[in-house]
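Colleague: So that we are looking at the same thing, I have put the structure below in structure tokens.
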Amino acid sequence: MPPTPTPTPSRTALVAGASGLVGSRVLHLLLEDPAYARVTVLARRELPLAHKKLEQRVASFDRLAQIADFPRVHDVFCCLGTTMKQAGSPDAFRKVDCTYVVELARVAVRHRASQFLVVTALGADPRSRILYSRVKGEMEEAVRRLQFEGIQIFRPSLLVGTRVESRPAERVAGLLSPLVAWAFVGPLARYRPIRADAVARAMVRVAREAPPGAHVYESDHIRRLAARS
């Protein structure tokens, strides 16, 4: 029986937040995925990484709309995010987790990107009393109003993985997760800490399938998608 021919790479992608916990894993998967011919990283500084499919674009997220030659891609993976402690103030947190994300989506849709995939958080709700959840919800609401063919919203619970910077809560969650996983069953499965690798695998799988319309994936669904990747 003749070997199955390798598919010709046909998709292109842009990754924002490629130095972060989920974004770095998304970037690695895309570079190794035969479906993608080109992957562009949009970042404030160049990453110490080289690959034949990789294009790096250094840009200020305060001036995204001013990028004259914004790359034309099929899929935009937005993994931008910070914490209140890192940001230093509620306004600075909102700028990264909402303003930058929404502006990226607006610029991408103007340049005819087909699909926007974004990492938010479990509990995202524009009416939440909790600032973190409210900002994430406001961002989701704004992105949903844009005219992409597909909008994929990933709401993981507490992320587990190795970061460059230290986040004590995530470190503790990573240590305890195997010990308490049995307690997060049924309706509670959505609250179980989830590995960043699983979120990245689910995002790339959904990107390849490109379901039209707006979809939300919470942690239990993300795990099932990752397991099938």
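The values are calculated or read from the model by the stated rules, or taken from the named source; none is laboratory data. Values in this document were obtained by computation on a predicted structure and should not be read as measured data. Glycine also receives a Cβ, built like all others from the backbone with ideal geometry; neighbour counts cover every protein chain displayed. Ligands, DNA and RNA are excluded from the accessible area calculation, which covers all protein heavy atoms including side chains. Shrake-Rupley method; radii C 1.70, N 1.55, O 1.52, S 1.80 Å.
Colleague: Starting from the Cα of Lys85, draw a straight line to each of the lysines and keep only those under 29 Å, dropping any in the same chain fewer than 8 residues away.
Modeller: Result set, ordered by chain and number: Lys95, Lys136.
Colleague: Say each of Glu46 and Arg208 gets a label point 7 Å from the Cα, pointing the same way as Cα to Cβ; how far apart are those two points in nm?
Modeller: The two pseudo-label positions are separated by 3.1 nm.
Colleague: Ok, one more. Collect residues whose amide H, placed 1.01 Å from N in the peptide plane, falls under 5 Å from the amide H of Val160; neighbours closer than 5 in sequence don't count.
Modeller: Ile194, Arg195, Ala196
Colleague: Let me have the relative contact order for region 74-168, percent, based on Cα pairs under 8 Å that are six or more residues apart.
Modeller: 29 percent
Colleague: Compute the distance in nm between two label points, each set 7 Å from the Cα along the Cα-to-Cβ direction, one at Ala35 and one at Arg63.
Modeller: Once both label points are built, they end up 3.6 nm from each other.
Colleague: Let me ask another. Express in Å², to the nearest 10, the accessible area of His221 obtained by rolling a 1.4 Å probe over the protein heavy atoms while all chains stay in place.
Modeller: Here the accessible area works out near 60 Å².
Colleague: Using the Karplus equation 6.51 cos²θ - 1.76 cosθ + 1.60 (θ = phi - 60°), what ³J(HN,Hα) coupling, rounded to whole Hz, does each residue of region 128-142 give in order, writing x for Gly and Pro?
Modeller: 5, 7, 8, 4, 4, 5, 5, 4, 4, x, 5, 5, 4, 4, 5
Colleague: Accessible surface of Tyr191 in the full protein assembly, 1.4 angstrom probe, to the nearest 10 Å²?
Modeller: Only protein atoms counted, so the area is about 110 Å².
Colleague: Between Lys53 and Met84, what is the label-point separation in nm under the 7 Å Cα-to-beta-carbon projection?
Modeller: A separation of 4.0 nm, rounded to one decimal place.
Colleague: Something else about it: What shape does region 7-131 have by the C-alpha gyration tensor, where a ≥ b ≥ c are the square roots of the eigenvalues, rounded means a/c under 1.5, and otherwise prolate means a/b greater than b/c and oblate the rest?
Modeller: prolate
Colleague: Largest first, what is the accessible-area ranking of Glu218, Glu55 with a 1.4 Å probe?
Modeller: Order by accessible area, largest first: Glu55, Glu218.
Colleague: Would you mind getting the accessible area per residue of region 1-108, heavy atoms of the protein chains only, 1.4 Å probe, in Å²? If you can, show how the numbers build up before the last one.
Modeller: Values: 5680 Å² over 108 residues.
With the other protein chains kept in place, region 1-108 gives 53 Å² per residue.
Colleague: In region 42-128, which chymotrypsin sites (Phe, Trp or Tyr not before Pro) fall in coil by DSSP and have 12 or fewer other Cβ atoms within 10 Å?
Modeller: Nothing satisfies the criteria.
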